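Working notes, structure below.
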Amino acid sequence: MDQIVRYFFDFSLMSAYWPDILRGFLITIEMSILTVLIGVPLGLAIAILRLYGFKPLNALIILYIDFFRSIPQLVLIMLAYFALPSFGLMLGPFTATVLALAIVLSAFSEEIFWAGINAVAKGQWEAGRSTGLGFNQTLVHIILPQVVRISIPPLTNRAIGISKGTTLGSVVAVPELLNVTSSIQSNVANPTALTVGALLFLALFLPFVRFTRWLERAYAHPRS
Amino acid sequence: MRSATAITPASADPIVAIDGLRKSFGNVEVLRGVDLRVAKGEAVVIVGSSGSGKSTCLRCINRLEEPTAGTIRVGGEEVTGAKVDLNLLRRRIGMVFQGINLYPHKTALGNVTLALRKVAGLGKAESEQKARQHLELVGLAHKADSYPAQLSGGQQQRVGIARAMALEPQVMLFDEPTSALDPELVGEVLNVMVRTKEMGMTMIVVTHEMHFARDVADRVVFMDHGAVLAEGTPEDILVSPQHQRIRDFVTRSRA
């Protein structure tokens, strides 16, 4: 037991490193939020685009989502950072990581929204259209509110899973939380740094999970 | 309850005029040339066995189904044709569905006001006032703030009727409005439909409720295999039918 405390909970060793840890933490928060803020709306936009049913465009969309759902995020981050410059697009490590993760999240959330759109009964479209609402009006006022509601739980899972991929940014030297804490671990030869990292990840994602539970309730409509 | 004047299909200025309506789903021809006239204020009930094309015929009138051939005119205007403004057309045609299809995320009031605001362009106060009037007409003013899941099936369908009626359409289409309801809830919906007719609304009703057809319809249309087999007064069609096909149907419906 003593050993465990000495190896994992010796916070005195951290005293010199708190500013670094805090900076790493902020970077992780920033990357996570940006990934979700770009990835989820992009996924919704693609799902809506797919709904209009232009055949060639839909083929492209399906290619996009299948490709980005299949490729490992790590590879994608490496490609964004090391390969894009050859095409004249120079991205910083931070931007490359966020871009890669946001694209992956957009592909997954497109599929979730698409499934949600298909889960709304056809009669809802018919009811809206029969009163003279146009396609877009029916989509916005009748279909999407129901889609968002059924999509929140799976979307939350995905968003959290992929946001945790921000740790992969360490491969292109983003000074995010896990990168910082594992360096400290090497410096002080004690894994307490990782404990701190883990606690901070909890501090970041637990409120996020709670927030999405609240969202679920806010979007729920009373069932009898 | 039946008005004495509605004896034959009105020929002058029908609200709905269907000529040679055909509809195929792939290789299956569901409608094989339907002709139908509905006069202003008339309640026409379409009966027939399932698969006879009743619902498809109804759904062609507001083009939820795209007719394969033939013409449909509503209020003198052609419904069929590429240039028709569907949204404008549908505003004039109310529809009530077998599946009810209330918007689950909106209250009864919200269900009725949506099209009043977005289609009719009324303001918030005006649309709510109008929606409450129509909920009152179906006896549900006190349920204005309830969500569909908090209402019984019969109440839901009455909201469905209010939603369609609030736009003050020229004709109301009822597509088996009571088929999805528990038997004890059917009556309240039929009562609302009777009141709708008494208000002078033109109605085309697809139903299996033979009592309703007998007591309320000005005219009964019997459809069989995608065409109108016979039409006439409820007595002619349902009480003393000429066709063996209809006699069989009536006998089975009674059982």
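The values are calculated or read from the model by the stated rules, or taken from the named source; none is laboratory data. Keep in mind that this is a model prediction, so the values were computed, not measured. Virtual Cβ from ideal backbone geometry, glycine too; neighbours counted across all protein chains shown. The protein model used for the area step is the full one, side chains on, heavy atoms only, and it has no ligands, DNA or RNA in it. Shrake-Rupley method; radii C 1.70, N 1.55, O 1.52, S 1.80 Å.
Identify the residue in the range A:92-109 that is buried (at least 21 other Cβ atoms within 10 Å of the Cβ) and over 15 Å from A:ILE71 (Cβ atoms) and, among all such residues, is farthest from the other protein chains (Cβ to nearest Cβ).
A:VAL98
Could you check the range B:110-119 and list, in sequence order, the residues that are within 8 Å of another protein chain (Cβ to nearest Cβ) and of a type in the set (A, V, I, L, M, F, W, C)?
Within the range B:110-119, B:LEU114, B:ALA115, B:VAL119 qualify.
Out of A:LEU49, A:LEU76, report the one residue that is free of Cβ contacts under 8 Å to residues at least 60 places away in the same chain and open to solvent by less than 50 Å² (accessible area, probe 1.4 Å).
A:LEU76
Conditions (1) among the aliphatic types (A, V, I, L, M); (2) surrounded by 17 or more Cβ atoms within 10 Å (Cβ to Cβ), marked per residue:
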residue	(1), (2)
B:ILE72	yes, yes
B:VAL84	yes, no
B:GLN98	no, yes
B:LEU102	yes, yes
B:LEU116	yes, yes
B:ALA120	yes, yes
B:HIS134	no, yes
B:ASP145	no, no
B:PRO148	no, yes
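Do any residues in the range A:118-139 that are in contact (Cβ under 8 Å) with a residue 24 or more places away in the chain have Cβ atoms under 7 Å from those of residues that are open to solvent by 10 Å² or more (accessible area, probe 1.4 Å), where the two are at least six apart or on different chains, and which pairs are they?
Close Cβ pairs (under 7 Å, with a partner that is open to solvent by 10 Å² or more (accessible area, probe 1.4 Å)) amount to A:ALA119/A:ILE150; A:VAL120/A:GLN146.
Quickly run through the range B:34-44 and pick out the residues that are among the aliphatic types (A, V, I, L, M) and crowded, with 23+ Cβ neighbours inside 10 Å.
Answer for the range B:34-44, where residues must be among the aliphatic types (A, V, I, L, M) and crowded, with 23+ Cβ neighbours inside 10 Å: B:VAL34, B:VAL38, B:ALA43, B:VAL44.
Run B:THR107 past the list (1) touching a helix residue (DSSP H, G or I) at 6+ places or on another chain (Cβ under 6 Å); (2) open to solvent by 10 Å² or more (accessible area, probe 1.4 Å); (3) β-branched (Val, Ile, Thr); (4) at the interface with another protein chain (Cβ under 10 Å from one of its Cβ atoms) and report the number of the one that doesn't hold.
(1) is the only condition that B:THR107 fails.
If you scan the range B:92-104, which residues turn out to be more than 7 Å from chain A (Cβ to nearest Cβ) and closer than 13 Å to A:GLY128 by Cβ?
Answer for the range B:92-104, where residues must be more than 7 Å from chain A (Cβ to nearest Cβ) and closer than 13 Å to A:GLY128 by Cβ: just B:LEU102.
Given the conditions (1) more than 14 Å from chain B (Cβ to nearest Cβ); (2) part of a helix (DSSP H, G or I), which single one is not true for A:PRO175?
(2)
Quickly run through the range A:116-155 and pick out the residues that are more than 17 Å from B:ARG59 (Cβ to Cβ), modelled with pLDDT of 95 or more and small (Gly, Ala, Ser).
Across the range A:116-155, the qualifying residues are A:GLY116, A:ALA119, A:GLY134.
When you look at A:ILE112, is it within 14 Å of chain B (Cβ to nearest Cβ) and either among the small types (Gly, Ala, Ser) or open to solvent by 10 Å² or more (accessible area, probe 1.4 Å) (or both), yes or no?
Against the criterion (within 14 Å of chain B (Cβ to nearest Cβ) and either among the small types (Gly, Ala, Ser) or open to solvent by 10 Å² or more (accessible area, probe 1.4 Å) (or both)), A:ILE112 does not qualify.
Checking the structure you have, find out if any residue of the range B:45-59 is touching a residue at least 12 places away in the same chain (Cβ under 8 Å), crowded, with 18+ Cβ neighbours inside 10 Å and farther than 20 Å from B:THR178 by Cα.
no
In the range A:139-166, how many residues are more than 10 Å from chain B (Cβ to nearest Cβ), in contact with a Leu (Cβ under 7 Å, 6 or more places away or on another chain) and open to solvent by 40 Å² or more (accessible area, probe 1.4 Å)?
1
Considering the range A:118-138 alone, what residues qualify as being more than 7 Å from chain B (Cβ to nearest Cβ), assigned to a helix (DSSP H, G or I) and closer than 20 Å to B:PRO148 by Cβ?
A:ALA119, A:LYS122, A:TRP125, A:GLY128, A:THR138
Looking only at the range B:60-70, which residues are more than 8 Å from every other protein chain (Cβ to nearest Cβ) and either touching a residue at least 60 places away in the same chain (Cβ under 8 Å) or crowded, with 20+ Cβ neighbours inside 10 Å (or both)?
Correct list: B:CYS60, B:ILE61, B:PRO67.
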